[in-house]
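Asker: So that we are looking at the same thing, I have put the structure below in structure tokens.
Laboratory data are not the source of any read-out in this text; all were calculated from the coordinates shown. None of the values given here were measured: they were computed from a predicted structure. Here the Cβ is made from the backbone with ideal geometry for all residues, glycine too, and neighbour counts use every protein chain on show.
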Amino acid sequence: SDVLRRSVLFRYLQISSFTNSSWMRTDALILLGELQTHSWSNASDTVSCVKPWAQGTFSSQQWVHLQNIFRVFRSSFTRDIQEFAKMLSLEYPMELQLSGGCEVHPGNISEHFLHVAYQGEHILSFQGTAWEPAPQAPHWVDLVIKVLNQDKGTRETVQWLLNDICPQFVNGLLETGKSDLEKQVKPKAWLSSGPSPGPGHLLLVCHVSGFYPKPMWVMWVRGDQEQQGTQRGDILPNGDETWYLRATLDVAAGEAAGLACRVKHSSLGGQDFVLYWGEKGLG
Ligand code: ELG
């Protein structure tokens, strides 16, 4: 199947905000490719599944075991950060971000990562069997690393989670979530005019919305001729697990006729959308 042929990125993203020595919160989410599979609010003791297939092929017993590891980890992490803050006289507020997970490639090959940022800057990562400072990290990070690396039990748990559990769990999710992961949602497309770029010029805007998955091709064309002046916007989330994209073209008012917006997407099965400027009263 398609989802097994491509590489998939699985990420645990955690944000810990420490307002002062007594106010803090930690929230996390898990993403498989473009889809959110889990969430973990500060108020909750356990990681919640946001998809019915999010337990993958793990047994309830394995799942409970992992929940326990994460619960202990979150409270220990919070305590550790407060201790480091005191020891190193770091100032509040503090923001810590964790990004960890694995990328599973076809043929059972996988890579993993675990990075930590402090005040938005990468300070350390877990590499192989131990924690390492980031290339431009402040000097106090060396002391943090020294302390963290003394805990052999935690290093072993991190290695086990990254090397063994992560790819196993992802392979299970690819099975149980197959139909969601392979879903194809067709875009809607429409044209509008944007703010005039200057006297005698028009800004043609082609909107494409509601598509899934993310890869999308959109160009202004004249016949078969792709217009090199096409400016693609950023792909933005609609918030319902579909995406939005716009493409604009600045043209002399007299040259708008005959232009069209062409849209190619996997959901369209080769039947490109073509919207002509000037139809339905525009231009
Ligand atoms: N260890 C209890 O990141 C992302 C998933 C990591 C999972 C690690 C799970 C292991 C764990 O929870 C804590 O360790 C004790 O109990 C263990 C068995 O449950 C073992 O027996 C272990 O040997 C024993 O010590 C441990 O307290 C650990 O320190 C929790 C947090 C680890 C961690 N720290 C961390 C700190 C990571 C990045 C950056 C920082 C400090 C940044 C400083 C900025 C101010």
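Asker: What are the equivalent ellipsoid semi-axes of the chain, built from the alpha-carbon gyration tensor (square roots of five times its eigenvalues), in whole angstrom, biggest first? Let's see the in-between values first.
Answerer: Numbers: eigenvalues 412, 120, 53 Å².
They are 45, 24, 16 Å, listed largest first.
Asker: In addition: Just order 230-242, 251-263, 207-219, 53-65 by mean Cβ neighbour count inside 10 Å, highest at the front, would you?
Answerer: On the way: 230-242: 12.5, 251-263: 16.6, 207-219: 18.4, 53-65: 15.1.
Packing proxy ranking, top to bottom: 207-219, 251-263, 53-65, 230-242.
Asker: Continuing with the same structure: Could you list the residues of segment 37-75 with an amide nitrogen less than 18 Å from a label point located 7 Å from the Cα of Ala85 in the Cα-to-C-beta direction?
Answerer: 42-43, 74-75
Asker: Based on alpha-carbon centroids, what's the gap between segment 241-283 and segment 99-144 in Å, whole number please?
Answerer: One Cα centre to the other: 42 Å.
Asker: Would you calculate the separation in nanometres between label points at Gln228 and Gln159, each defined as 7 Å from the Cα along the Cα-to-beta-carbon direction?
Answerer: It works out to 5.4 nm between the two label points.
Asker: Once the Cα atoms of segment 11-162 are picked out, what are the Rg and Dmax in Å?
Answerer: Reported Rg and Dmax, both Å: 15.9, 48.
Asker: Relative to the longest principal axis of the C-alpha atoms of the chain, give the angle of the C-alpha long axis of helix 60-88, reported between 0 and 90° and rounded to the nearest 10°.
Answerer: With rounding to tens, the tilt is 80 degrees.
Asker: On to the next question. Which value at 222 nm does the chain reach when only helices count, each DSSP H run of 4 or more adding -39,500 (n - 2.57), with the total divided by all residues and rounded to the nearest 500 deg cm²/dmol?
Answerer: Values: 6 runs with 67 residues, N = 283.
Counting only the DSSP helices, I get -7000 deg cm²/dmol.
Asker: Return the whole-Å distance between the Cα centroid of segment 209-235 and the Cα centroid of segment 1-71.
Answerer: 34 Å
Asker: Report relative contact order for the chain in percent, whole number only (criteria: Cα-Cα under 8 Å, sequence separation at least 6). List each step's numbers first, then the result.
Answerer: Details: 507 pairs, mean separation 38.9, N = 283.
Computed over the chain, the figure is 14 percent.
Asker: Can you give the direction-averaged projected area of the convex hull of the alpha-carbon atoms in segment 116-182, in nm²?
Answerer: Values: hull surface 24.9 nm².
The directionally averaged projection comes out at 6.2 nm².
Asker: To make sure I understand the rule: partners must be lysines, Cα under 21 Å from the Cα of Lys146, and not fewer than 8 residues away in the same chain. Which ones qualify?
Answerer: Lys146 reaches Lys86.
Asker: Going down the table (Lys188/Lys214; Lys51/Lys188; Lys183/Lys264), which pairs top 24 Å between alpha carbons?
Answerer: Lys51/Lys188
Asker: OK, next. Relative to the present Cα-Cα distance, how much length would full extension add between Ala117 and Ala253 at 0.36 nm per residue of separation? All intermediate terms of the calculation are to be shown ahead of the outcome.
Answerer: Numbers: separation 136, 0.36 × 136 = 48.96 nm, distance 4.94 nm.
Taking Ala117 through Ala253 to full extension adds about 44.0 nm, to one decimal.
Asker: Could you tell me the center-to-center distance, by alpha carbons, between segment 176-201 and segment 150-172 in angstrom?
Answerer: Centre-to-centre distance over Cα atoms comes out at 39 Å.
Asker: Further, regarding this structure: If I histogram all Cα-Cα distances within segment 107-230 using bins 10 Å wide from 0, what percent of pairs lands in each bin?
Answerer: 10, 21, 18, 18, 20, 11, 2
Asker: I would also like to ask the following. How big is the dipole moment of the chain about its Cα centre under a simple scheme where the beta carbon of each Lys and Arg is +1, that of each Asp and Glu is -1, and everything else is neutral? Debye, nearest 20, please.
Answerer: Working: 23 positive and 28 negative charges, 87 e Å.
Around 420 debye, computed over the chain.
Asker: So, one more: To two decimal places, what compactness ratio does segment 202-279 give when its Cα radius of gyration is scaled by 2.2 N^0.38 Å? Working shown, then result.
Answerer: Numbers: Rg = 12.7 Å, N = 78, 2.2 N^0.38 = 11.5 Å.
Against the empirical 2.2 N^0.38 Å value, I get 1.10 for segment 202-279.
Asker: May I ask you to list the GluC sites (Glu not before Pro) in segment 9-105 that are in a DSSP loop and have at most 10 other Cβ atoms within 10 Å of their Cβ?
Answerer: Details: sites: Glu34, Glu83, Glu91, Glu95, Glu103; in loops: Glu34, Glu91.
Loop-located and lightly packed - Glu91.
Asker: Cα convex hull of segment 194-239: mean projected area in nm², to one decimal? Before the final figure, lay out each step's value.
Answerer: Details: hull surface 17.9 nm².
For segment 194-239, averaging the hull's shadow over all directions gives 4.5 nm².
Asker: Students often check this: by mean Cβ neighbours within 10 Å, which of 116-126, 134-144 ranks highest, and how do the rest follow? Kindly include the intermediate steps, with their values, before the conclusion.
Answerer: Numbers: 116-126: 16.6, 134-144: 13.9.
Answer by packing, highest mean first, reads 116-126, 134-144.
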